Structures are given as structure tokens and as C-alpha cells.
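Notes follow the structure.
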Amino acid sequence: MIEFANVTKQYAGHGASSHSALRDVSLTVAKGELVYLAGPSGAGKSTLLKLIAAMERPSAGTVTVNGTDIGRLKHAGIPFLRRNLGLIFQQQRLLTDRSVLANVMMPMLVTGLPRAQSEDRARAALDKVGLLDRAAAHPLALSGGEQQRVSIARAIVNRPQIILADEPTANLDRASATKVFDALRAFNKVGVTCLISTHDEHVLDSATRVIHLRQGMLQDGVPAAPAQEVA
Ligand code: ADP
Ligand code: ADP
């Protein structure tokens, strides 16, 4: 479903002395897998996820998603790719000028689904993340963990085959983080392929598959050394 073949990513403006964000990464993620990305800050986790979503293009190598070579994807093909992706990234905060329900309805209204049907599906998605009772609330009235679960509801409402989540529990307490991971796992159980970057040791300890990155390179099953924070 997702394949990286010798992928290197060097950002423009990245100093010549600095390493590539990703270096010669090859990996395969099968349909229905739940895969965690681990590694210290700056290891390349976000870059790996962005390459799958065509938010960045590889400098070398190929990224294939459902048989499509992302590096060769024309601009017009990006919406088709993204329709199959549920994205949970820090940058995509909830809109604060509308209710929780309206936030979750947005992706469906964009695709032209009728309002009543969008609302039904948004409520069903909120129910799945345990927040149906907060549908009418203002996003900022929710805790950080609840907001993140609303982001998950918004990401899955178009029934994507793949969920990409970039550190979805950053800044959350343990109880909230557990609920966020439970919500993601529940979607994986019904067949959604999930790639989740995280520093959460609890989750990584019990994970069936963890991809470890360090300075842009795969660590091949070897747990990363203690995090060396990059400012
Ligand atoms: P992680 O998600 O593991 O923290 P990133 O993928 O965000 O790692 O970053 C990997 C490397 O690429 C870092 O050295 C980072 O500074 C660099 N980087 C990330 N985004 C950009 C960008 N837009 N421009 C230049 N360098 C970037
Ligand atoms: P409905 O039929 O009213 O849309 P469902 O219970 O089938 O309700 O789905 C609940 C929500 O979960 C929907 O918004 C749906 O988009 C979302 N969802 C995303 N991916 C899946 C999946 N693979 N299986 C079931 N529901 C999914």
C-alpha cells in the first residue's frame, strides 16, 4: 500500500554541511498495518509522513501509495491522493469560528456531500471518538485531548484507507493520550492503515511494528539511543 524505495529528502536551503532529512530510506507498509514512527526530534518522522501525503517531494528514490508514484504526481492528482488519506498534523488546527460538529463536517462539504448526510456522518465519526455529546461545543471549550480526538474524527470522516498522524499526543497527559491512541487503534481495527509518529514509550513498548529513525536513517529494529534533542 505504501512503499519507499531508496528515498532521500534534502530540503532546499538546508545547509550543505547538514544531513538530509531522510537518507536512503526503503520500507513497505501493508494494507491494514498499524505502524509507529519513533526517533528523536529532527530524525525525519514528519518528513516521512509529508512525503506520503505529497506535502513534500522526494529528492531521490520513489514513494508509492496505492500504486501511484507520488514524486511524479501532477498537481491535479493531489486531491485524489488526499481523498484516501486522513491527515492529523499539528498545523491543521480546528477552526475556532465554528462548532465541533461544523469542523468535522468540513471535509465532506468540500467534496460536495449534501449537508444532511454530512451531518449524519460527522455525528457518527464524533461518536466513534467518544465525543458525540460535545458536537455543539466550541473547539476551545474542549481539552487538548478532546480537540485532538475531534481532529481524528475530521480526518476519518471521508473514510480514508490510510491515516497519517504526526505526534498526535504531543503535550497531552497520559489519560488523554491513551484515549487518542485508542481512537486511532479502533480505526485500524476496522481496516484503516495507520502511520503514527510518537515519542510515547508506553505505546512503543506494546507496538507490533515500530520504524526507528535517526538523523534521517532507518535504524532497522534497533531501539534509538536516548533522544538527542535538536533545538
Ligand atoms: P521529526 O519529525 O523527526 O522531528 P522532521 O522531518 O521534522 O523530523 O525534520 C527532519 C530534518 O529536516 C530536521 O533537520 C529539520 O530541521 C529539517 N527540516 C524539516 N522541515 C524542513 C523545511 N521545511 N526546510 C528545511 N529543513 C527542514
Ligand atoms: P455512517 O454509515 O452513518 O457513515 P458508520 O458507523 O459507518 O456511520 O461510520 C462512522 C464514521 O466513521 C463515519 O463518519 C465514517 O466516515 C468513519 N470511518 C472512517 N473509516 C471507516 C472505516 N474503515 N469503517 C467504518 N467507519 C469508518
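Figures for the structure shown
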quantity: Within the range 58-90, considering residues that are among the small types (G, A, S) and in a loop (DSSP other than H, G, I, E, B), the one surrounded by the most Cβ atoms within 10 Å (Cβ to Cβ); calculated: S59
quantity: Top-ranked residue in the range 201-220 [being in contact (Cβ under 8 Å) with a residue 24 or more places away in the chain and farther than 22 Å from L22 by Cβ; ranked as least open to solvent (accessible area, probe 1.4 Å)]; calculated: V203
quantity: Which listed residue, of R149, R93, R123, is among the basic types (K, R), away from ligand 2 (no atom under 11 Å from the Cβ) and either over 21 Å from the mean Cα position of the chain (by Cα) or assigned to a loop (DSSP other than H, G, I, E, B) (or both); calculated: R93
quantity: Pairs, first more than 21 Å from I2 (Cα to Cα) and more than 16 Å from ligand 1 (Cβ to nearest atom) in the range 167-194, second among the charged types (D, E, K, R) and part of a helix (DSSP H, G or I), C-beta under 7 Å, six or more apart; calculated: K179/R149; V180/R149; A183/R149
quantity: Test: residue in the range 42-56 that is among the charged types (D, E, K, R) and in contact (Cβ under 8 Å) with a residue 40 or more places away in the chain; calculated: yes
quantity: Failed condition for D220, given (1) on the phi > 0 side of the Ramachandran plot; (2) part of a strand (DSSP E or B); calculated: (2)
quantity: Residue in the range 154-164 that is without any contact (Cβ under 8 Å) to a residue 60 or more places away in the chain, open to solvent by 60 Å² or more (accessible area, probe 1.4 Å) and either near ligand 2 (Cβ under 10 Å from one of its atoms) or not in a loop (DSSP other than H, G, I, E, B) (or both) present; calculated: yes
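The values are calculated or read from the model by the stated rules, or taken from the named source; none is laboratory data. Just so it is clear, the model here is predicted, and its values are computed rather than measured. Heads up, the Cβs are rebuilt from the backbone with ideal geometry, glycines too, and the neighbour counts pull from every protein chain shown. Ligands, DNA and RNA are stripped out before the accessible areas are found, and what is left, the full protein with its side chains, is counted by its heavy atoms. Shrake-Rupley method; radii C 1.70, N 1.55, O 1.52, S 1.80 Å.
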